[in-house]
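Working notes, beginning with the structure itself.
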C-alpha cells in the first residue's frame, strides 16, 4: 500500500476511495504476489499528475526487475512514456507490432530542421538532390526544413555535407512522429 501511495489509507473502506485511489489499489493487488507477467488496463486512469508519475516509476522498476508488463490504453501519450514495444490494433486486428521507436517512424516522412550560418544556395541545392530528401524549404535566411523519407538516421549525412561546403551548423533536429501520429498513419484514419 505504501508503494502505491495508499499507506495512510489502509484502514479506510474501499467504498470511500476516489477513482484514482481505487486504481492505485488495483495495481497494489496485482503486484502483491510478485507476478512474472502483469496485465494492466488503463493503469493511470483517474490519477493526478503526481500519481501518474509514481505509477510510471513503479512499472518501470518492476519491468527492470524482470516482470513483463502488458498494458492496454487509449492514451497513446502515456503508452509512449511507459512502453518499449507497442502493438496497434485496428478493428480488432493487430496491424503493427514493433519497438516504440520503429513504430514512431512507421512509413513516415520525417522533417529535419537545420540552422546553418553561411547557408548558400549551393548547399540547399545539394541537400535537395540527396536520395532520401523529398523536398527542402528555406524558412529564414539560416533555417532550412528538410523533408526526408528514410528508415535510418540521415542527420549525420546532412551535417557532413553542410560542413564540407563551408556551412556552420548551429541547430540540427528531427521532428519525429508521436505515437498518436503513427497510429493515424498506420490505420489510415484521417480527421
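Computed values, structure above
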read-out: Of all residues in the stretch 1-25 being in a helix (DSSP H, G or I) and touching a residue at least 12 places away in the same chain (Cβ under 8 Å), the one that is farthest from residue 47 (Cα to Cα); value: 9
read-out: Residue in the stretch 104-113 that is touching a strand residue (DSSP E or B) at 6+ places or on another chain (Cβ under 9 Å), modelled with pLDDT of 90 or more and not in a loop (DSSP other than H, G, I, E, B) present; value: yes
read-out: Test for residue 169: is it touching a helix residue (DSSP H, G or I) at 6+ places or on another chain (Cβ under 6 Å), part of a strand (DSSP E or B) and either at pLDDT 95 or above or outside the structural domain of residue 74 (by TED's automatic domain parsing) (or both); value: yes
read-out: Residues that are in a strand (DSSP E or B) and either modelled with pLDDT under 75 or surrounded by 14 or more Cβ atoms within 10 Å (Cβ to Cβ) (or both), drawn from the stretch 172-186; value: 172, 174
read-out: Unmet criterion (only one of (1) part of a loop (DSSP other than H, G, I, E, B); (2) over 20 Å from the mean Cα position of the chain (by Cα); (3) surrounded by 14 or more Cβ atoms within 10 Å (Cβ to Cβ)) for residue 150; value: (2)
read-out: Every residue from the stretch 42-67 that is surrounded by fewer than 11 Cβ atoms within 10 Å (Cβ to Cβ) and either in contact (Cβ under 8 Å) with a residue 12 or more places away in the chain or within 17 Å of residue 19 (Cα to Cα) (or both); value: 49, 50, 66
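The values are calculated or read from the model by the stated rules, or taken from the named source; none is laboratory data. These numbers were taken from a predicted model, which means no experiment stands behind them. Counting neighbours? That spans all protein chains shown, and the Cβs are built from the backbone with ideal geometry, glycine included.
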